[in-house]
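Scroll down for the structure; my scribbles are underneath it.
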Amino acid sequence: MEEARIGIYVCWCGSNIAKMVDVEAVAEEMGKLPNVVVAKNYKYMCSDPGQDLIVSDIKEHKLNRVVVAACSPRMHEMTFRKALENAGINPYLFEMANIREHVSWVHTDRDKATKKSKSLITAAINRVLYHDPLDKRSVDIDPATLVLGGGIAGLAAALEIAGSGKQVYLIERSGALGGYAAEIDLLAPYMNSAAQVLDPLIEQVQNHKNIEIFLESKVTDISGYVGNFDAKIEKKGKEVEKKIGNIVVATGLKNFDPAVIDRYGYGKLPNVVTAMEFEKMLKIGKVETKTGKLPKNVAIIHCVGSRNPDYHEYCSRICCMNALKFANQARSILPEANIFDLYTDMRAFAKGCEELYTQTSRKDVLFLKFEKGDLPTVKKAAAGDDCDMVIDMHEALSGEDIEVPADMVILMTGTEAHDDAKDVAHLVGVSMCGNDFFIEKHPKLDPVATTTDGVYIVGNCVSPKDIPDSVSQAKAAAARILASISQGSVEVEVTTAEVNEDICCGCQTCIKVCPYTAIGYDEEKNVSIVNEALCKGCGTCGSACPTGAIRSKHFTDVQILSQIEGLMSLEV
Amino acid sequence: MSFEPTIVSFLCNWCSYTGADLAGTSRIKYASNVRIIRVMCSGRIEPTFVIKAFTEGADGVLICGCHPGDCHYHEGNYKCLRRYHLLQKYIQQLGIEKDRLRLEWISASEGKQFAELIDDMTETVRGLGPSKVKEVMTTYT
Amino acid sequence: MAKEEKPKIKLAVYWGAACGGCCVSVLDVHEKLFDVVAAADLVFWPIALDIKYKDVEAMPDGHIDVTLFNGAVRNSENEHLAKLLRQKTKVLVAYGSCAHMGGIPGLANFTTKDELFKRIYDETESTVNPDKIRPQPEHEVPEGKLKLPEFYNDVRTLDQVVDVDYYLPGCPPQTERLVEVFMAIVSGAELPPKGSVVGALDKAQCDECKRKKSDNKLIKKFYRPWEIQDDGETCFLEQGVICMGPATRGGCGVRCIEGNAPCRGCYGPPPDVPDPGAKMMSAIATMIDADDEEEIAKIVAQIDDPAGTFYRFSLPGSMLRRKLT
C-alpha cells in the first residue's frame, strides 16, 4: 500500500461549529498526527472555495486520503466525495467527522466540545487509513414506473410520466380513481368545482395508452433495486408481476376520527359532523339536520385532532381554508343562519387564501377564537332553548366565557397518515417519522426522493398538504424519474458485501441472514456468492460470518476497529 | 474533578444516527461523553466491536438501531438484538457490569429521546465508576 | 564420492503450562522419527532428554534452530524458559493451543491465583491444611534455601511473553502437520511470513467436514451434545448443537466431528480474525430463530457458558483475556 497522505479540513460552518469548538486548535493538533500532511480550518468547507481548497491541496500535496470535520455525513458526504473525484482520487478515500450535529449543536462546554471533536477526527483519520478505493457501479433503468395511489397526486405523476411515452402501472386500493378529491364539492380558495378539475384528469388517465390501471389492487412485494424492481401486484385475488425502474408512492392520507375527543360529542350528538360528512351534504346539495330541518345555527370548529399534543402536534394545513370554504357555502345555502367559526389561529398562507379569509369575514360569519389548550365543549341544549346544541367556550379575544348556539357542528378534522403507511414503508423501504409520514431524503433540498434510490414520495403520505402542493410534488417526482429514464442508467451502491473465497468454508450461515436473498451458494466451489446487484450493503452478513470471509465494503472490521482505537486515543 | 465516563455508541445510519442528527438540528443539549460510530445497520454491529471499545477504555457501550419492525433493511435490528443478549451474558461472565452495555431503539424522529438516553446512560455509567477493562487487559499479574 | 552431509538442524521441545499431550504428539511421529533424527539433533526436551536448564543457558544465542514451545505461561519458570529459549532460538514456534492461545489451562483466567489456591490448598475434599499454608517462592530449611517458581495470577500465551515466529495450533497439533512443517523447515524452503499460523488451513472446518449442511441454520433450541440423539450425518449446528467448526481453522482432519463430537475450536480462528471467539458468538446469536426479545433471551439462556464455550481454548489470547476482579 502506498504511504497514506491525509488532508484534514475542519469547518467552522460560519459560527455554527466555530462558536463551540476551537477549530483552529483542533486543526493544529490534528496536523501533528502521523500521516497528516495538511490540516486546515475554513469558514465553509461545503462552499465552492472550500471544496476548491481540498481539490488544490490534493494536487499540490499529493494527498491520497481526506478527512472533513464538519456537519453530518448525511448532509455533505456526497459533496466532498465529488470534490475528491474532481481532484482525481477515488471518492471513497474520504471520511467525515460530524462535529456539528453531534458536537457543537448539542454541547455547551467549549473545552469538552473541542476535545470531543479531536477524538472524532482522530477516529476518522484512523478509519480513512484503511479505506479502499471502490469502483462505481451503474445499472440500467427499466423505463416503466409504478405509481402507488390513484389520488390526485398519483394521477398527476402518472400522467406526467406517461405523457413522455413511458409505461406507468397505477395501483389503487379502492374501486375508483380520484381519492379524497373525488369526494369534495368545491375547492378553496377559488371555489371552483372539484369535479371539473378532477374528472378530465381521471379520463385522461383512463384513456392513456401508457397507463395500466389496477383498481382494488395492492402491491404485495417489491424486490430488486433502483432501475430494476420487481413488483407483485394482487388484483382481486390474482397476482401479476411487473418489472419497473422507479416507484412513486402517493398513498395519501386518512381523516382523523373525532370520536376520541369526548367533548365534541361526535357519534353521540347526531348533528355533530366531520368535514367530509359536511362535504357530502354539499355535494348532494342538501344541508340539513338529522331530523330534516335547515340548521339555524351552524358552528365550525377548527383544529380537530391537529395542533394538539394529545392527538397530532402538527398542523393539518388544509382545514382552515376548508372551514372558510364551508362558511361561504353555508352562507349561500342558508342565508338566514348564524354562522360561527371557532378557530385558534387562522392559517391562510397559500395563494388566494388570505383574500378568502377577508371575503368570508364580510359575509356575516362570526369568528370566535379559543386558545389551543382550552378547547370548546359541545353539549345538548337545554329543553326550551332555541337550538339543538350549545357550545361552551372561552372566547380569547374578549376574554369571556360564552355559549354558542348550534344546530349543526362541523368538526374540521385533521389529516393523518394512512392506516397502511407502515406496510407501504416496508414494501418500498422508506423510513417513517413519528407521525407515520414518510421521510424525505432531504426535507429542503430533496423533498420527493427517499433514502431508497428509485423510490419517490409525494402528496399527503409525506405530510399534510393541499392539492397544488401535492400536484407539484407529483410532477417533481415525475421529472426526477423521467430524467433517470433518459439517462438510461444510474449509479448504485458500491458498499456491498463480498466473499473472500479463499477463506469462506461454505458453512452457509450467511444465506438466510440476507433480507434481499442476495447471497447464494456455489456448490462446486463450496463458497457463498454475493449478488452485488441485490445487495444493499447493510452488513448483517458480514457480522454473521463466523470465518471473517465476508467483507462489508467501506464498513470492514479493520476500518471500524481502527476507528474505535482512534476514538479512544484521547481523554474525554 | 468528578469522573467523566466515555461512552462509545454504535448507531445505525437510517434511524438512530438520523435521530442523533435531529437532536443536533433541534439544538437539544446532552452530555458530551458519547462518541458515535456510524454503521449502515445495527445488523452490522458485532461483538468484536463492542469488546474492542471496552478494551480501548470505553466505560460504556451503547448500541442503537431502528425500532423493531422499522429496520431500513427489514430485520438487521433483530440480529443485533440476538447478538446483544448473548454478548451481555458473555461480558457479565468476564465481570463487566451489565449496565455498561446497553441496546436501545432510536427512530429518526427521536432526537429528544436520544439526548435523554445519552444523559441517562452517562449518569448510570458515572455511577458505576471507571471501567477496569483496559487496565486489567494490559497489565499482567 | 561421499554425499555431502547437510548439517543437522538443532531442535528443542519445551513444555510450559501444558498437559503433556503436545509432547506426546511429537512422539507420535512414530517411524517418521527416523527422518526427524536424521535431519535434526534434539538439543533440549525435558520429558525425553536429561538436558538441564543450565545447559541451555550455556548455549550461545541463536544456537537452537527451531524450538517447539508448548504450554501456556503460568509461572515464573515458564516465563524464564520462554525468554531463555527465545534468546537461544532462531525460529520459535508456539506449538499447540496453550502456547498459541492459552488453551485449557487458560480457563484459569476466569478466576484468580488466590481463589485457585484457596480451593486447592484449603477446600478440596482430601485437603487437611488447618494453618492455611501456601507454597512460597522461597523457603528456608536447615539444608539451605528451597525455591519454587512463582505462580502468576494470569495465564499467558507465549506471544504475550516473547516474540513468536510461528504458531502451530491444535490440542494437540496433528502429528502429520508437525512433520510437514518440520520437513519444510529442514528442506530450506522459503518460510511463510513471520507470525503466520502454520500446519493449519486458512479455510475453516466446514470445508473438510463431510456432514450434510444447508442454509437452514436457524436455531430454536440449543442442545448440549448429550441432550440430543445425533443423526451422525447432519451439520451439528443444524441440529442445535454448538459446533465451533465454522470459526475454526481446518487442518486437523475434522477428527472430533468424524468422531461424532462437535468441534470445540482448538485450532483457533481463520486468518485476520481479531478475536478468537467473538465471530462465532456473533454467528451463533444470528442463528437464533426468534425476533421477540423474551424468546431470544430464553434461547440465549440455553447457552450455559458462552465464554467457556466460545473461548474454550483461547481465553488468554482473546481481547477480554481474563475475568475482571
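We did not get these values from a lab; they are worked out from the coordinates using the rules stated. Since we're looking at a predicted model, the values are computed, not measured. Here Cβ is always computed from backbone atoms with ideal geometry, including for glycine, and neighbour counts include all displayed protein chains.
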Straight-line reach from A:Lys293: which aspartates and glutamates fall under 18 Å, measuring Cα to Cα and dropping same-chain residues less than 8 apart?
A:Glu277, A:Glu279, A:Glu336, A:Asp385, A:Asp386, A:Asp388, A:Asp407
Using amide H atoms built in the peptide plane, which far-off residues or other-chain residues are under 5 Å from A:Asn338 H to H?
A:Asn297, A:Val298
Among A:Cys507, A:Cys541, A:Val527, whose Cα sits farthest toward the positive end of the charge dipole of region A:497-553 (+1 at Cβ of Lys/Arg, -1 at Cβ of Asp/Glu, about the Cα centre)?
A:Cys541
Can you tell me the orientation of helix C:76-88 relative to chain C, as the angle in degrees between its alpha-carbon axis and the longest Cα principal axis, to the nearest 10?
60
For region B:50-107 and region A:430-500, distance of Cα centres in Å
31
Antiparallel versus total DSSP beta bridges in region A:255-415: what percent is that, nearest 5?
40
Let me confirm one metric for peptide B:52-59, namely the mean number of other chain beta-carbon atoms within 10 Å of its residues' beta-carbons.
6
Peptide A:103-110: average number of partner chain Cβ atoms within 10 Å per residue?
5
From the Cα centre of region C:43-81 to that of region C:89-127, the distance in Å is 19
If you take the square roots of the eigenvalues of the alpha-carbon gyration tensor of region C:110-151 and sort them as a ≥ b ≥ c, do you get rounded (a/c under 1.5), prolate (a/b over b/c) or oblate?
oblate
Rg [Å, one decimal], Dmax [Å, integer] - region C:104-233, C-alpha atoms:
23.3, 71
Taking every DSSP beta bridge that has both residues in chain B, what percent is antiparallel when rounded to the nearest 5?
5
Within a Cβ distance under 9 Å of A:Lys235, other residues only, what is the Lys/Arg minus Asp/Glu net charge?
0
FRET efficiency for C:Leu146 and A:Asp502 from the Cβ-Cβ distance with R0 = 51 Å, rounded to 0.05, comes out at 0.40
Net charge contributed by nearby residues that have their C-beta within less than 15 Å of B:Lys79 (K/R +1, D/E -1)
-1
Among the trypsin sites (Lys or Arg not before Pro) in region A:481-536, which ones are in a DSSP loop with at most 14 other Cβ atoms within 10 Å of the Cβ? Mind listing them?
A:Lys525
Which listed pairs, of A:Lys254/A:Lys296; A:Lys19/A:Lys112; A:Lys238/A:Lys422; A:Lys441/A:Lys475; A:Lys115/C:Lys323, have C-alpha distances above 20 Å, in listed order
A:Lys254/A:Lys296; A:Lys238/A:Lys422; A:Lys115/C:Lys323
Taking just the alpha carbons, could you work out the radius of gyration and Dmax for region C:205-310, both in angstroms?
13.3, 40
Can you pull out the GluC sites (Glu not before Pro) in region A:320-360 that DSSP calls coil and that have at most 11 other Cβ atoms within 10 Å?
A:Glu336
Past 31 Å, Cα to Cα, is the threshold; run A:Lys286/A:Lys379; C:Lys10/C:Lys113; C:Lys10/C:Lys279; A:Lys372/B:Lys112; A:Lys242/C:Lys221 against it and keep the listed order.
C:Lys10/C:Lys113; C:Lys10/C:Lys279; A:Lys242/C:Lys221
Taking every residue in A:510-522, how many Cβ atoms of other protein chains lie within 10 Å of its Cβ, on average?
3
State the cysteines of chain C left without a partner when partners are defined as other cysteines whose beta carbon lies under 4.7 Å away.
C:Cys19, C:Cys22, C:Cys23, C:Cys98, C:Cys209, C:Cys235, C:Cys243, C:Cys252, C:Cys256, C:Cys263
If you filter region A:323-354 for chymotrypsin sites (Phe, Trp or Tyr not before Pro), then keep DSSP loop positions with at most 10 other Cβ within 10 Å, what is left?
A:Phe349
Can you tell me the 0 to 90 degree angle between the C-alpha axis of helix A:467-487 and the longest principal axis of chain A, rounded to 10?
30
Using alpha-carbon positions, the gyration tensor of region B:7-138 gives root eigenvalues a ≥ b ≥ c; with a/c under 1.5 called rounded, otherwise prolate if a/b exceeds b/c, else oblate, the class is oblate
Rounded to the nearest 10 degrees, what's the angle between the helix C:175-187 long axis and the longest principal axis of chain C, both from Cα atoms, 0 to 90?
50
